[in-house]
Every structure is written in C-alpha cells, then in structure tokens.
1. Can you go through B:65, B:132 and tell me which one is closer than 30 Å to residue A:239 by Cβ and open to solvent by less than 50 Å² (accessible area, probe 1.4 Å)?
2. Here are some conditions: (1) away from chain B (no Cβ under 14 Å); (2) under 13 Å from the mean Cα position of the chain (by Cα); (3) not aromatic (Phe, Trp, Tyr). Residue A:85 meets all but one. Which one does it not meet?
3. Report whether or not residue A:239 is crowded, with 20+ Cβ neighbours inside 10 Å, within 12 Å of another protein chain (Cβ to nearest Cβ) and at pLDDT 90 or above.
4. Assess whether residue A:136 counts as being under 18 Å from residue B:40 (Cβ atoms), free of Cβ contacts under 8 Å to residues at least 12 places away in the same chain and more than 8 Å from chain B (Cβ to nearest Cβ).
5. So which residues in region A:158-188 are among the β-branched types (Val, Ile, Thr) and surrounded by fewer than 24 Cβ atoms within 10 Å (Cβ to Cβ), if there are any at all?
6. Can you tell me how many residues within region B:149-168 are open to solvent by less than 10 Å² (accessible area, probe 1.4 Å) and touching a residue at least 40 places away in the same chain (Cβ under 8 Å)?
7. Which residues, counting only those in region C:75-103, are within 19 Å of residue C:121 (Cβ to Cβ) and surrounded by 15 or more Cβ atoms within 10 Å (Cβ to Cβ)?
Amino acid sequence: MIPYVIKADKLTKQFGDFVATNQISFEVSKGEIFGFLGANGAGKTTAMRMLCGLLTPTSGAATVAGFDVYKQTEQIKRNIGYMSQKFSLYEDLTVLENIRFYGGIYGLPARELKAESESLLEKLGLQEQSKKLVGSLPLGWKQKLSFSVAILHRPQVVFLDEPTGGVDPVVRRQFWDLIYDAAENGITIFVTTHYMDEAEYCNRVSIMVDGCIEALDTPGGLKTQFKAATMDEVFYQLARGAKRQAD
Amino acid sequence: MATVELHGLMKHYGKDKIPAVKDVSFSVKEGELFGLIGPDGAGKSSIFRMLTTLLLPDGGNATVAGYDIVKDYKAIRNRVGYMPGKFSLYQDLSVEENLNFFATLFNTTIQQNYELIKDIYVQIEPFKNRRAGKLSGGMKQKLALCCALIHKPEVLFLDEPTTGVDAVSRKEFWEMLKRLKQQGITILVSTPYMDEATLCDRIALIQNGEILTVDTPEQIVRNYPFPLYAIRSERITHLLRHLKAYENTRSCFAFGEYLHLTFKQPHEKAVASVTDYLTHEGHTGLECRQINPTVEDCFIQLMKTA
Amino acid sequence: MKQFIIFIRKEFKHVFRDRKTLLMLFGLPIVQIVLFGFALTNEINNSKMVVLDYARDKGSQELIAKLESSRYFEIEKNLLSDKQLEAAFREGKIKTAVIFPPNFYHDLMHTNKTQLQVIADGTDPNTATTLVNYIQTITAQYQQQVMGQTKLPYRIVPELRMLYNPELKGAYNYVPGVMALVLMLVCVMMTSISIVREKELGTMEILLVSPFKPLLVILSKAVPYLIVSLVNLAVILLLSVFALGLPVNGSVVLLVSVSTLYIITALSMGLLISTTTASQQTAMLLSLMGMLLPTMLFAGFMFPIENMPLPLQVISNIVPAKWYYIIVKRVMIKGLGFASVWKEVTILFVMTMLLLGISLKKFKIRLA
C-alpha cells in the first residue's frame, strides 16, 4: 500500500545560476484533485516535467506512483497520463485511429482496446464522429477526447497542463465533470489552470511564486488564511509579490 | 460617429466553405473599449483580420475610422494598431531593438510618441537590452502592446492579448488598457476569459461565428431572464448530480465553490422545496441564496437558446 | 528609405545572432569546396605502382624517372618476375604496373615504334581509367621530349577535358559546380525560411498592416541575402585561387555580374516557396528537395548531361544552375568573354525575370 501517489521532498531544479524550482515539498493522495497554480515563469512547468520523468532534478527526492524520479523514469511514464492545451491528438487521423494509436503505445491488448474505445466513444457521445478526422472537431471536443485518451491506459496519475484554455464555458464544465469521474475511479489528478474558479474545484491547491510553494491548502483553507473572498484574491495577494520576470 | 462599423460581415474557409463568421453586425463608438468575447474558434480572429484588412470578407461590409476595409485598405493600415493572437515579436532582437524597428516601420520614433507608451514602457525599460525571447509572458505582452501603440493609432485591435497569461499579469494588462482609453484611443479587444467582460465599456458575445448579444456588461447581466441562485453543500460533486436529476432544475453549472441554479418554475417555494429535497438526499451544510448573474452565466444561457 | 534600412539591419541581426544560420551560411561553402575540391576529387596522388624493367636502358630509366617524379605515382621497383607482379595485384598492394620489354629504347630509336605494357587494377574502373590516362599523358610528354616534333610512335588522343586541365585537376570541374550549388542553396533556403518565420511569429501580419509597402518587405528580405551570397561568392573564389591554385582566367567583373543574376534567380525562387508554405520545416524541405536535388543532378558537374536519356536532357534545360555552370566554366576556366556566353546569359536572364514576376504576383498583400 502506497500512502501517497505523488510525494515530493525538497525537489529542486537549477539551470545554471537560475533556480527554476526551489525545494518544493508536497504529497498528493490517491484520487485527489490537486491544483498546481502559479504565475507565468513561477516554475510550474519545470516541476511538472520532473514529476513526469522528463527532467532529472538537481536535488531533493520525489516519487510518482511509487517510482523514483531519478532512477525509474520508464516505470513512471508507464503509470502516468499527460495532457496539455498544446498537446493535441493527431489532427489528420480519425477519432478512432487516435484512440487506437495511443492505446497501442501503452500496450493495451487488442480486445481490451476495442471494448475501451467503444465505451469511451459512447461516454463522450462521439459514436457518430468516430470516423471523422480529429482536425474537423470543435476545440471542446478535442480537449475532452484527448483527456479521455490520456487516461485510456488507466494511469495512477494524470497531469493536466492548462487543459481548458480557450474552450467555451459549457464545455469547460463538462470537462470538469470528466475530471471528477476520473478522480472517483481512483485516478489522481494533477492540474494547472489560469481560471481561478477552477481552482475552487480542486480538493487542494498549491500556489507557486518564484520557484517556491508559498501556499498549500484546501481552497476554503486558503481563503481563510489570506482573509480573501475568492481564490482570485488569494492568488493576487501571493503572485503580486513575485520578483521573477524571466521565464 | 461610429469608429468601427460592421454590416452583415461573412467569412468562410476552405473548399467546403465552412463558415467562420456568419452575418456579423455591430458598431464601436469613438473612444470606446469594446470586447469581443467568446471561446476559441468562435470567429474572433477572423473578424479582427478582416477589420485590419488582412482578410477579404466573403459578404457584407465594414468601415474602420470611416474607411472601407476592402477599397481603402491602405488608409486603414496607416491608422490602426494591431496585436495578432500568436504575436511573439522578434525573439532574437532586444526589447529596444524591437520597439525601434516597429517605430521606424510606422514612420515614427520612440521619442515622438513616448508619452503614449511611457506608463507601460517604464515597466520594461530595466530590461531594454534583454532579448525578447528571454522575457516572461507578462513582459512580452507589455512590449507587444508598446509596439502596437508606437505610431499612435486611432484604433487599436488586440487579438486575445491575455490568453495563457496568469491572473496577475492579466489584471495589470487591463489597467493599462483603461489608461489608454483615457487618451482617446478606440480599443477592440478579444478574449476567451468571461471575467474580463466587465472591464469593457461594451461587449459582443460570440459563439460559432454568430453574435449572441451586443450591449454593456451591466445591461447584459440585467437582461438575464431568470432568478439565479448560488447553492452549495459539503459534498459539491454529489450536489451537482442530485440537482441535475431534480425535476424543477432548468440549469445547473459549477461556478467556483458554488453551483449556479435556475428553476423551471421559479415560484416562492422553489428554494424551500429544493432544500428539502437535498436534505432528504443527505446533504449537510446547505447554503442557498439568490445572486446577480455574471457575464459567464449570461453566455451559457444565450448559448443554449442560440 | 529609413524603414528600408532598419529592416535590412534587422535581417542582418537575425543572421548574426543565430549561430546555426551563421554556420550554414559561411561554413557550407567552405566545407563544400574542401569536400569537393580535395576529398571527392577524381585526382589521385601517390598511387602505388610497380615497374618491371626488362630493358634497363636509357629510355626505360628516363621514363621511370618521369613517372616517379610525378606526384601521381609512388614506384616500388624491386619486382623481378611476372609471378610476383600477380601476387602484388592480388594483395591489393598496387594499382598499376608498367612493363618495359627488352630493347625498349633501341626499338624506339630505330623503328620509331616500341611497346609498353600498362596493367591496371580494374576493380575500381574510374581510378583505373584515370591512372592509365596519367601514364599515357606522361608517356606522351616523354615522347615529345625525345622525338621533338616528329611523328609519334603511338598516338595519344588528349581528351577535351585535359585540354584545359593539363594536370587533370578535379577542382576545375568542381569549383563552378560548388558555386552553383552553394548560391542556390543559401539564397533559396534563407529567403524562404526567413519569410516563413515571420509568418510563424505573427509579425508578418503586423508588417502587412503597417504602412510599409509589401514590395519593400520582399526587397528588404532579398537584399541582405544578396549581400551574404556575394560574400560567399568571394569566399569561394578566394578559396579556389589560394587553396586550390585555380586562377580566374576570365573577367572577374563578368563573373560577378553573372553570379548576381543567378543569385536573383535563386532569391525569387525562395520567395516563390515562401508564398506557398506556412512552416519553416516545409520551406526547408521544399528548398532541399526542390532545389538542391535538381541542381546536383542537372547542373552537369556531377553527372554529365550528355550521357543522360533524352527526356532528362530536356528537363535539365529548365534548371538555372545548368546555364550558370556553363557560363562560369567558360568565363572562369577557359577565360572567354561575354561574346561566347551571351546566349546562356540571355536564357538565365529570361528565367530570372519570369520567376521574379511569378513570385511577386503570388506574394499576397493580405493573409489568404
């Protein structure tokens, strides 16, 4: 039994003189929706890359899904899902081809993949569009589809990097319904966003400023702590003090 | 007199003539801060590109500063400032070199219109020898705005200037726009962030190439047709599920820590009934009160009727 | 005008601040010259050769001395029998053998006719042919030296190539070829990429919306690369004169003017590519596949055009590099004047105007 799905202990990454993330420590438990906020250039992307096994930390320790970020990056990659606003599916493949491709990458057996893709299409209401090119779908559908593909192999953790940027308000909420569904099925959600109302949807939220985690609590706890009415105010109070100007 | 005027503007793309802008009409008054608000793919960039003479419309017509966007494109190009959506400046040139380049391109100098950009430029001046590629998102935004303003345009078009920028930088950016407005520049700005709507004088909500409504944010909110309630309990996910299944629910959407709820039959006992129902379903810590809608509520409501 | 100048200054900054671009711009011609001029040349130095001298007379000694003094051969003399000769070939130690019959000099003096056996390792036919050619040439020189202008005992028909290339220098062919290749590559690729990059950055939209005329955008993109290309041309010529020992025999002015014309051809092609592509990668790929390949194939410096099937010969006519190559060869190596290349220059000029016209017409003042 692993107590925490993600555990970071004084995780640090330095590029030359520049400390991108400075001794960040936190734990995320199974099925938790963890909001990872911070201004542009605060070090969110660097932290996320280290946890995904794409960057080797300079110092500190971290485990993701029970695997070490220094030595077991291959195992980590097999047990996580990743989705970003920029990462899209292949626009020139059909919906079904995309699902099969990503399922194939994670080595899902053919029969299981077939059943999975059918239930996925049904859940998203995309049966009619399954033979359409992904490029012809509206952005909201694409984002919902790529999230579903990212959790197709039932990862323990899924990392979402600004998944809802630019999508319409209704689809944005439908997207969060998907996130809640996944969390209830025991998938841990690690999400960044610029929408402060979405910070409220998270179980716990951390706010990074200049490479350090300056606050970490439930949205309610943070609002009490900073005597603020909304998460927007909490964020503003913290991030306003940021010194760092370069990415 | 209207500075920007659109009449039934249309644009479609590709062989299949997929419509991107359908019969769009609105006008922007002189000195107004006008917001075009809608999600990605709604047609905001296409409208901006037609108004800045970069795209030819497939139907309808429009004028900018009194000039026709097709016939008088040269005159318009002399009078507008434009910041494209993906605009990222020359990464390998320094802040000062970028600004100087655009100033010269528009037949002016930094000194000549320094007053206009002073407020913004002083914030990036300490980094003037740094290459644009090494600036943070917020800084880049400021530099891009300086570049678009350097020739003192009559009309400023800003296509999604705050997309992907954090909440603090976004706030600062809007404060800069307010100050520019005071200098008499007409500003058209597009954004996918609904919360920015209230910062504009007037807004157009746009979805799938169609205008949902054009008005002041206050009036749009006032036009919301139903009483709106904010409701929450200790288990918010279950609350949403239960309310969606509830017979008297017209709509229910998550808004931060609350759910926003409208009733099919908004009678006096509606609130009491729903509270009873939810208590019966085992919810604790229930809180329900009537609230003023936000622009986002209006957008969702208009989307559904459209 | 001020706008124009600052635009050009900006382009140069782009070039000088990007190490990769800089390396490609100025490293490429040097690498190409060195590669083609030295490494890939069909000139062979110090090839191992054995001599079986059954004559051991004045004639054989003199000819052996001549062969040995040339830098093409390194002679291992101490072979005595045919058997040893065979073994040496089989082990691959030697590439050629020259066998003097007994009475070599005597026959030459008295019957005006003597025999000389030349054996070459035919596994690499190109090398073998070249080596045999060298031996023939050296023998012929020796004949002339001995006989004066009297009738030659065996005829050596010099090849056309050797007429202008008495030392059989490979560089004579390659330098004009490299010029055609490098100028084409640099101009097409750099212009197309630099314009497409503005599209990717979103700055193209601003440039178009600005009062700066679209035609001037094109011109300010072209001028820096024209200058860079002329610098490149100078580098290539200096390298060929001082490193390869290959002088410019004809008029330098004519050579530079024709090169400028060729550079403009390439620039308009780059412009044409940029109007039809939206990403830097596509532009790069199109430049490489669409320009580099035909230039290599059809310019005539790697593969002789006259040996190609007729359809390919016809196609080669639309490759500008072919005409440029012909002109440069005539002007630079043969030292001929404008009178002998006016036809080719006219063809190149018409091509340039056509390309420039099409690309200017296709360059849009709007986005779509």
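The values are calculated or read from the model by the stated rules, or taken from the named source; none is laboratory data. The structure displayed is predicted, hence computed values, not measured ones. Cβ atoms come from the backbone with ideal geometry, glycine included; neighbour counts cover every protein chain shown. These accessible areas exclude ligands, DNA and RNA; they are computed on the full protein's heavy atoms, side chains included. Shrake-Rupley method; radii C 1.70, N 1.55, O 1.52, S 1.80 Å.
1. B:132
2. (1)
3. Details: crowded, with 20+ Cβ neighbours inside 10 Å: yes; within 12 Å of another protein chain (Cβ to nearest Cβ): yes; at pLDDT 90 or above: no.
For residue A:239, the condition - crowded, with 20+ Cβ neighbours inside 10 Å, within 12 Å of another protein chain (Cβ to nearest Cβ) and at pLDDT 90 or above - is not met.
4. Spelling it out, residue A:136 is indeed under 18 Å from residue B:40 (Cβ atoms), free of Cβ contacts under 8 Å to residues at least 12 places away in the same chain and more than 8 Å from chain B (Cβ to nearest Cβ).
5. Quick first cut of region A:158-188, residues among the β-branched types (Val, Ile, Thr) only: A:158, A:164, A:167, A:170-171, A:179, A:187-188.
Scanning region A:158-188 gives A:158, A:170, A:171, A:179, A:187.
6. 9
7. The answer is C:75, C:79, C:85, C:88, C:89, C:94, C:95, C:96, C:97, C:98, C:99.
The rows are residues; the columns are (1) among the β-branched types (Val, Ile, Thr); (2) in a helix (DSSP H, G or I); (3) open to solvent by less than 10 Å² (accessible area, probe 1.4 Å); (4) more than 20 Å from residue B:82 (Cβ to Cβ).
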| residue | (1), (2), (3), (4) |
| --- | --- |
| C:188 | yes, yes, yes, yes |
| C:193 | yes, yes, no, yes |
| C:199 | no, yes, no, no |
| C:208 | no, yes, yes, no |
| C:218 | yes, yes, no, yes |
| C:223 | yes, yes, no, yes |
| C:227 | yes, yes, no, yes |
| C:233 | no, yes, yes, yes |
| C:236 | yes, yes, yes, yes |
